[in-house]
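Written below as C-alpha cells is the structure these notes are about.
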Amino acid sequence: MENFKRTNIDQLLSEQTTTSVKQRSILTASFAWMFIALGVSAVLAMLFGLNDALLTYLYSVNDQGQASLSVLGWVIMFAPLGFVLAMSFGWQKFSFPVLLVLFFAYSAVNGISLSFIFKAYNIASITKVFLSTSLLFGVMAILGATTKTDLTKFGSFMMMALFGIIIASLINLFTRSAAMDYIISIVGVIVFTGLTAYDVQKIKNLEIEADGTARAKIGLMGALTLYLDFINLFLYLLRLFGRRD
C-alpha cells in the first residue's frame, strides 16, 4: 500500500515537473525572441535615424521647410500594424518558419519607423530613457514571474485602460491638446508597466499540452506581446522625459 502511494506521488511530481519545464521553456523562448527582435529594431532605428541619406527614402523637406512622407515612408509607418494583425489572427494557420519571418520583418520595419525619434530627441536622452525602460521592464517582468498573486483581474483592468488610451489618442489627433497628450503619456506608462507583469505571469502560467512546434509558435507570440509592452513603455517614457532637439 505504501509503495502504491509512493508511486502515485512520484507520478504526480513527474507530471508537475514536466509542466513546469514546459512553462519555463515557453517563457524563456518568449524572452529570447523578444530580445533578438529588440536588437534588430534598435540597429535599424539607429541605422536610419543617424543616416540622413537613408532617411531621404522615408520623407522629404520642401523649400518652406515642411516635411512630407514618401510612399515608402507611409508604408513603413502603417506596415507594423499589418504585421501585428496578421500574426495575431493567423498564427495558428501559419507554420513556425512563416511566423518567424513575419515576426522579424515586423521588428525590422518597426525599427525603421522608430528612426524618426532621432530627429525629435537627442541621442543622450534616448539612451537614458531606453536604459530606464529596460530597468523598469526588468523589475516588472521579475515581479510577474515570481509573484503568487493572480494578476488576471488586474490585467483585465489594464486592458480596459489601454482601450481608453487608444480612444483618447484618436480624439487628441484632432484636438491636439498638449495637456491631454501629457495625461495620455502618464497613463500609458502606468498601463504598460502593469501589463508587463501581467503578460509575463500569463505566459509563465500557460499549461500547454501540444507538440514542440505549437509550443514554439506560442513562445513566439509571447515574444510579440512582450516586445509590444517594451516598445510602448519606451515611447511613453520618451514622450514624458525625452529632451527634444
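For the range 75-89, filtered to residues that are under 14 Å from Ile112 (Cα atoms) and exposed (fewer than 13 other Cβ atoms within 10 Å of the Cβ), the residue that is nearest to the chain's Cα centre (by Cα) is Leu81. Quick check on the range 123-139. Is at least one of its residues among the basic types (Lys, Arg) and surrounded by 14 or more Cβ atoms within 10 Å (Cβ to Cβ)? Yes, there is a match, as at least one residue in the range 123-139 is among the basic types (Lys, Arg) and surrounded by 14 or more Cβ atoms within 10 Å (Cβ to Cβ).
Per this entry, Asn122 is not counted among residues that are under 15 Å from the mean Cα position of the chain (by Cα), closer than 19 Å to Ser41 by Cα and in contact (Cβ under 8 Å) with a residue 24 or more places away in the chain. The residue list Leu226, Leu206 contains one member that is surrounded by 15 or more Cβ atoms within 10 Å (Cβ to Cβ) and part of a loop (DSSP other than H, G, I, E, B), which is Leu206.
Looking at the range 153-183 only, could you name the residues that are in contact (Cβ under 8 Å) with a residue 40 or more places away in the chain and within 19 Å of the chain's Cα centre (by Cα)?
Within the range 153-183, Phe154, Gly155, Met158 qualify.
Give the residue, chosen from Thr193, Thr213, Thr147, that is within 21 Å of Phe241 (Cβ to Cβ) and touching a residue at least 40 places away in the same chain (Cβ under 8 Å).
Thr193
Checking each residue in the range 90-109 for being surrounded by 11 or more Cβ atoms within 10 Å (Cβ to Cβ) and among the hydroxyl-bearing types (Ser, Thr, Tyr) picks out Tyr106, Ser107.
On inspection, Asp199 qualifies as among the charged types (D, E, K, R), buried (at least 18 other Cβ atoms within 10 Å of the Cβ) and either without any contact (Cβ under 8 Å) to a residue 12 or more places away in the chain or in contact with a helix residue (DSSP H, G or I) (Cβ under 8 Å, 6 or more places away or on another chain) (or both). Selection of first residues in the range 41-57 that are surrounded by 14 or more Cβ atoms within 10 Å (Cβ to Cβ) and of second residues that are in a loop (DSSP other than H, G, I, E, B), restricted to Cβ pairs under 8 Å at least 6 apart or on distinct chains, gives the following pairs, ordered by first then second residue: Phe48/Leu58; Tyr57/Ser70.
Taken together, the values in this text are just the output of simple stated rules run on the coordinates, not laboratory data. In this text, all values refer to a predicted model and were calculated from it rather than measured experimentally. Cβ coordinates were reconstructed from backbone atoms using ideal geometry, including for glycine residues, and neighbour counts include every protein chain displayed.
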